[in-house]
There are 2 protein chains.
Amino acid sequence: MVERTSHRAAPEHTHPDDVPVQTALAALADPVRITLVRELSGCPAWTRSCGSFDVPVGKAALSHHFTVLRGAGLVEQRDEGPKRVNRLRREEFDARFPGLLALVLRED
Amino acid sequence: MVERTSHRAAPEHTHPDDVPVQTALAALADPVRITLVRELSGCPAWTRSCGSFDVPVGKAALSHHFTVLRGAGLVEQRDEGPKRVNRLRREEFDARFPGLLALVLRED
């Protein structure tokens with residue numbers, strides 16, 4: 001039996017240390033991405049697949065939002081079989097932008 | 001002699017307490033507005049007129065950027081004769097979004 005591997009390229013990541021503040025702010029200044037970050041913050045790392053989030057956007061738009069989150073150093077992703085699972089890069093992002101995630105995660 | 005008054009309506013303001021976090025982030029996620037906020041932070045209140053900033057945008061765009069900054073509770077403006085002068089609402093904004101302005105004002 002041939003092992004099935006993902007047809008997708010592995011996702012590219014940017015470490016928070018390499019992210020300008022403007023990029024971090026822009027990544028978080030979006031209602032869908034705020035929802036993604038808030039939902040991720042409530043779950044253990046690597047337990048949420050991209051399709052598991054309750055956001056009102058299509059697959060292509062969702063993929064774009066995750067690309068923005070990876071590019072801002074907010075989310076790490078890896079492929080596990082057919083699923084792409086996620087981790088909020090909380091410690092690394094907090095170290096680079098102290099307090100910023102806390103503002104987004106608190107009640108408005 | 002008739003005293004000349006400004007033909008403009010007084011600017012409308014939003015207090016930081018009434019600003020959602022997404023609005024604050026979006027206001028700061030722009031290179032021109034980051035420059036305006038940084039320049040304002042280095043000057044005493046009410047000493048900078050809107051025309052005094054070194055930003056590469058026209059008058060209409062600049063006016064829009066200040067509208068966004070007022071709407072996010074970041075800037076207060078008042079008319080003094082022909083000039084519209086500015087104040088960074090640092091204390092009020094810091095009270096509402098602790099640490100956010102500091103991230104924008106530090107070196108990147």
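Each value in this text was obtained by applying a stated rule to the coordinates, not by laboratory testing. Since the structure is predicted, the reported quantities are computational estimates derived from the model, not experimental observations. Please note: Cβ atoms are built from the backbone with ideal geometry, for glycine as well, and neighbour counts cover all protein chains shown.
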Point-to-point label distance, residue A:35-residue B:38, nm (Cα→Cβ direction, 7 Å offset): 3.4
How long are the semi-axes of the ellipsoid equivalent to chain A, from square roots of 5 times the Cα gyration tensor eigenvalues, in whole Å, largest first? 24, 15, 13
In this structure, the FRET efficiency calculated for residue B:60 and residue A:60 from their beta-carbon separation, with R0 = 45 Å, to the nearest 0.05, is 0.85
How high is the relative contact order of chain A, in percent, counting Cα pairs under 8 Å that sit 6 or more residues apart? 37
Where along chain A is the Cβ that lies nearest the axis linking it to chain B, and how many Å separate them? A:99, 2
CD proxy at 222 nm, helix term only [per DSSP H run n ≥ 4: -39500 (n - 2.57); per residue of the protein assembly as shown; nearest 500]: -12000 deg cm²/dmol
Any idea how far the Cα center of the stretch A:72-108 sits from the one of the stretch B:8-61, in Å? 29
Roughly how many debye, to the nearest 20, is the charge dipole of the protein assembly as shown about its Cα centre, given +1 on each Lys and Arg Cβ, -1 on each Asp and Glu Cβ, and no other charges? 380
Return the long-range amide H neighbours of residue B:73 (sequence gap of 5 or more, or a different chain), with a cut-off of under 5 Å between placed amide H atoms. B:14
Here the correct list, in nm and shortest first, of distances from residue A:42 to the same site in the other copies, label points 7 Å along Cα→Cβ, is 4.4
Quick check on the protein assembly as shown: what does the Kirkwood estimate of hydrodynamic radius come out to from the alpha carbon pairs, in Å? 19.3
Charge dipole (debye, nearest 20) of chain A; +1 at Cβ of Lys and Arg, -1 at Cβ of Asp and Glu: 300
homo-copy label distances at residue A:18 (7 angstrom along Cα-Cβ), nm, one dp, ascending, are 4.3
Mind checking the angle between helix A:59-71 and chain A's longest principal axis? C-alpha axes, 0 to 90 degrees, to the nearest 10. 60
Among B:53, B:34, B:22, the residue whose Cα sits farthest towards the positive end of the charge dipole of the stretch B:16-105 (+1 at Cβ of Lys and Arg, -1 at Cβ of Asp and Glu, taken about the Cα centre) is B:53
For residue B:67, go 7 angstrom from Cα along the Cα-to-Cβ vector, then report the distances to that same point in the other copies in nm, smallest first. 3.1
Residue order, fewest to most surrounding Cβ atoms within 10 angstrom, among B:37, B:55: B:55, B:37
Straight-line reach from residue B:59: which lysines have a Cα under 26 Å away, not including same-chain ones fewer than 8 places off? B:83
So what J values fall out for the stretch A:47-56 if you push phi through Karplus, 6.51 cos²θ - 1.76 cosθ + 1.60 with θ = phi - 60°, rounded to Hz, Gly and Pro as x? 9, 10, 8, 4, x, 8, 9, 8, 10, x
